[in-house]
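Input: a single structure, listed below in C-alpha cells.
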Amino acid sequence: MTDAIMTDATMTTATTAVAEPGVTVRLEIDGTGHALEAPLCASLLDVLDEAGAPVPAGCRAGNCGSCVVLLDASPVPACLVPAGRADGAAVATARTAADPALVARLAAAGATQCGYCSPGLVVALSHALRVAPAALAHPDAVRERLVGHLCRCTGYAAIVSAVVATAAAMADAEAEAGRPPLAGTDTTLDRP
Ligand code: FES
Ligand code: FES
C-alpha cells in the first residue's frame with residue numbers, strides 16, 4: 001500500500017515554473033548609467049551587485065552598516081532599500097563617496113579596517129564631514145555617528161581619532177580662508 005502511494009506520488013510530481021514579477025531599475029552608479037532588471041523583492045544591495053558595483057553584505061538587515069552608500073547624496077543601508085524605490089536615483093559607493101583627506105588620516109592613524117566594515121564607514125563619515133564637519137570635532141559626536149556601523153573587531157578608537165583630526169583640519173582650513181565654520185547638524189538617520 002505504502003509502495004503504491006509512493007509510486008503514484010512520484011509519477012504525478014511535476015514542477016510548475018512561476019514567472020517572478022520584476023522591475024526595471026535605472027540608476028546612476030558612481031557616475032555611470034545602468035538599466036537593470038530585478039525581481040520585485042530585490043534590494044538596492046542586490047542590484048548594485050548585478051551592476052558590477054558590489055558593496056559588502058553583512059547582516060542584510062540594516063544593523064551592521066557595511067552596505068551603506070549615498071542614495072541621492074544621503075547615506076542609507078543598501079540592504080534596506082527596495083530596488084524599485086531607487087529607480088532614477090544616483091548612487092555613490094565608497095569608490096566615489098570617500099573623502100580622500102579622511103582616507104589618508106584613517107591610514108595614518110592605523111585605522112585601516114577590513115573590507116567588510118570600511119566601505120560603509122568611509123561613506124557615512126565622509127558624508128558627515130562634508131555636511132557638518134564642526135559637529136564631529138568631539139570624540140563623543142563621532143562615536144554617536146558610528147552607531148549602526150559594526151566592527152566585529154571593536155577597532156573604533158583609531159577611527160574616532162582620525163575623524164576628529166580630519167574635522168579639526170577642515171575647521172582650520174575654513175578659518176584660514178576666512179569662512180564661517182560649517183556647523184550644520186548632520187541629521188541623517190541612515191534609514192530609508
Ligand atoms: S548588510 Fe546592510 S546594514 Fe548590514
Ligand atoms: S575591521 Fe572590519 S569588522 Fe573589524
- Using the Cβ atoms and a cut-off under 13 Å, what net charge is assigned to the surroundings of Y156, where Lys and Arg are +1 and Asp and Glu are -1? +1
- Which of the peptides 47-53, 122-128, 161-167 is most tightly packed, and how do the rest follow, going by the mean number of other Cβ atoms within 10 Å of each residue? 122-128, 161-167, 47-53
- Query: Can you put C151, C67, C59 in order, fewest other beta carbons within 10 Å first?
  - Reply: C59, C151, C67
- Using the Cβ atoms and a cut-off under 12 Å, what net charge is assigned to the surroundings of V47, where Lys and Arg are +1 and Asp and Glu are -1? -3
- Message: If I take every Cα pair under 8 Å that is 6 or more residues apart in the range 47-108, average their sequence separation and divide by the length, what percent do I get for the relative contact order?
- Response: 26 percent
- Query: Any idea what the relative contact order of the range 13-140 is, in percent, if you count C-alpha pairs under 8 Å spaced at least 6 apart?
  - Reply: 25 percent
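A short reminder: the numbers here are calculations on the coordinates, not readings from a lab. Given the structure is predicted, the values throughout are model-derived calculations rather than measurements. Here the Cβ is made from the backbone with ideal geometry for all residues, glycine too, and neighbour counts use every protein chain on show.
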